[in-house]
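Just so it is clear, none of the values below were taken in a lab; they were calculated from the coordinates. Just so it is clear, the structure is predicted and the values come from calculations on it, not from any experiment. Neighbour counts run over all protein chains shown; Cβ positions are idealised from the backbone, glycine included.
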Amino acid sequence: MKGLYRKYVGFTLIEVLVVAAIIGILSAVAYISLNEARDKAKIVAAYNDITQFELALRSFRTVNGEPWPVLANNNYVTMRQHSIDALINCSSSCTFPNFSTYLAVAPEPLDGVINYSYANTGTAYECGGDDKHATGVSIRIGNLNASDPDSPLMDELYDYLNQKVDGGDDDRNCGQIRRGGGSSSIYYLIGDN
């Protein structure tokens, strides 16, 4: 009788392959979930950076009792929008002197793709129709990656902001959140002229 029962010491090849397949599937699911969570964290971080920048701008304006500074010039990049770094590093003769009192550290560009700046062309906020853009005092969220103007991160950020701030309105040119600059920028309206 002892010869009929053979004792196996190890695992069969099939058992090892089944376990390896299960581990592979679980790893793939965990990797996808982790990437989605990381992307969501980037979007929430961007929203927090934007709201901190807005709070600093509003605080500066309230304390100093001044209207929103207008940055009017044909050179859009250098004059009509100021990066947060430029605002923080300025001590006099600039748009927001001593702004570092209100916002000490500028947020890093998000994922090397998105940066933030103050934008005010002096045009009043206007809303309505596909060919009218909502302008006014805004925080511009710009895409630094010119080779990928339709960045999925920008689209996800716009959707998040649109839902969180505007309640998911359908008009991309109306409301507190709008797309602009060939859809490679997002404008977060914080005031009017």
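With each label point set 7 Å from Cα along the Cα-Cβ vector, what nm distance links K40 and D155?
Placing both labels 7 Å beyond Cα along the Cβ direction yields 2.0 nm.
So, in nm, how far is label S92 from label S27 when the simple model puts each one 7 Å beyond its Cα toward the Cβ?
Here the modelled spin labels are 6.2 nm apart.
Once you place label points 7 Å from the Cα toward the Cβ at T62 and Y125, how far apart are they in nm?
1.7 nm
Sorted by average packing, counted as other Cβ atoms within 10 angstrom per residue and highest first, what order do 9-21, 158-170, 113-125, 44-56 take?
Ranking the peptides 9-21, 158-170, 113-125, 44-56 by packing returns 113-125, 44-56, 158-170, 9-21.
For V137, which sequence-distant residues (separation of 5 or more, or a different chain) have an amide H within less than 5 Å of its own amide H, given hydrogens modelled in the peptide plane?
Under 5 Å from the amide H of V137 lie the amide H atoms of I190, G191, D192, N193, each far enough along the sequence or on another chain.
Which ³J(HN,Hα) values in Hz, rounded to whole numbers, follow from the phi angles of segment 46-57 under the Karplus curve 6.51 cos²θ - 1.76 cosθ + 1.60, where θ = phi - 60° and Gly and Pro get x?
Result, ordered by residue: 4, 4, 5, 4, 5, 5, 5, 5, 4, 4, 5, 4 Hz.
Go through segment 86-94 residue by residue and turn each phi into a ³J(HN,Hα) via Karplus (6.51, -1.76, 1.60, θ = phi - 60°); whole Hz please, and just put x for glycine and proline.
Couplings: 4, 5, 5, 7, 9, 10, 7, 6, 9 Hz.
In whole Hz, what ³J(HN,Hα) sequence does segment 28-34 give by Karplus (6.51, -1.76, 1.60; θ = phi - 60°), x for Gly and Pro?
5, 5, 5, 5, 5, 5, 5
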